[in-house]
């Protein structure tokens, strides 16, 4: 098959598609990845053909926006500064590939250009869901931004909540832009809600997480589960030398990572340093904004491969991106999630239900709260025991195979 994969956002959005693209190519398929120019080097390193869509300036402007990680306003920032500007160029790029003979499209539901292109040209589309929040449900457990819907709320009331959210926030955000693109493609006006119905491909859907992590009986019937897509081209590079040396010099450390796209993490790092001092624990601070430190108790690095690092950690404190959640699950290490926006609160809830971690909203993180919650996590050996038990279910090769089979089924 000739396949076009498309996604936009941060590395957390791109890495699962890189992993899927590599897995498909190993099975003999021809794959092209369409994404922001800043990810071209990673795509080339993964051995994929790459088509840049959008502008690096828009990506940088989005990351620099002070409300990008706001629990409510973040989605609007992401849409206005990054996703809306790429709609037309993404549609045009997909149209060219369809005319080249691409057999199927693979994209998350928020890549609305893929849905328009599929409808216009009749090319099958597989909607891929990297996080459960991309698939709304009316049945517990349900999160809406930072809020958890109580277990006793009936389904009809949750459905009403979604309708209100659609009417007041979500549809006004995207409806006009969708109408513009559909008009450009020669398609009739849309008659159904974008988020509740239309953005999900009727051809097929694939959850890129296992059913034991998240599932709901009222998701679209075409959605199937595969599992986490872990991208690990960085393993060959090994750990940074100073990080490897630090690991060998003492007890297993705590690892702190607020996310690769997080540009406003100074308070998080300050709290992490203070918590390590208060608890008498060693720590590793990761991220492009991490302060430079190496004093025997603490060290830092812009990046380190989680597949090599986390199995040697005592616990990991992170933002709750699904890729980091998956890496920690495979490593069998307890997690403290400090969510800010998007799918992070929902992921934190699901990890807590699995019994592998605790959560503390990023807005509440300071030296005292982080020390208290981390101390509580480290004092519960059941969290590590449960984490190690769940790690046995992390069949990464099997996850990748199931995802490839779902893509291949599009040609059946």
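Rounded to whole Å, the principal axis extents of the Cα atoms in the range 124-195 read 46, 27, 20, largest first. For the pair residue 56 and residue 190 in one chain, pulling the backbone fully straight at 0.36 nm per residue adds 45.1 nm over the alpha carbon distance.
Between residue 121 and residue 73, how high is the FRET efficiency from 1/(1 + (r/R0)^6) when r is the Cβ-Cβ distance and R₀ = 41 Å? Nearest 0.05. The value I calculate is 0.70.
Helical runs (DSSP H, four residues minimum) scored at -39500 (n - 2.57) apiece and divided by the length of the chain put the mean residue ellipticity at 222 nm at -12000 deg cm²/dmol. Note on the range 187-243 and the range 291-363: Cα centroid distance 20 Å, given to the nearest whole angstrom.
Summarising the overall dimensions of the range 235-391 from its C-alpha atoms, the Rg and Dmax are 13.9, 38 angstrom.
Compared with the dominant principal axis of the Cα atoms in the chain, helix 171-184 is inclined by about 40°.
Site pair residue 145 and residue 295 shows an inter-label distance of 3.8 nm when each label is modelled 7 Å from Cα along Cα→Cβ.
Mind checking which of 394, 180, 17 has the largest fluctuation in a GNM of the chain, springs on alpha carbons under 10 Å? With Cα springs under 10 Å in the chain, the top fluctuation among 394, 180, 17 is at 180.
Please check which bits of the range 44-85 a label hung off residue 233 would reach, taking the label as a point 7 Å along Cα-to-C-beta and the cut-off as backbone N under 14 Å. Those under the cut-off are 44-52. Expressed as a whole percent, how much of the Cα-Cα distance distribution for the range 240-308 exceeds 20 Å? Beyond 20 Å sits 21 percent of the P(r) for the range 240-308.
Per the Debye formula on identical point scatterers at the alpha carbon atoms of the range 180-263, with no solvent, log10 I(q)/I(0) at q = 0.13, 0.20 Å⁻¹ is -0.79, -1.08. What is the antiparallel percent of DSSP beta bridges lying wholly in the range 235-391, to the nearest 5? The antiparallel fraction comes to roughly 5 percent. Each Cα pair under 8 Å and six or more residues apart adds its sequence gap; the mean of these over the residue count of the chain is a relative contact order of 16 percent.
The numbers here are math on the coordinates, done by the rules we state, and not lab data. All figures in this text were calculated on a predicted structure; none of them were measured in a lab. Neighbour counts run over all protein chains shown; Cβ positions are idealised from the backbone, glycine included.
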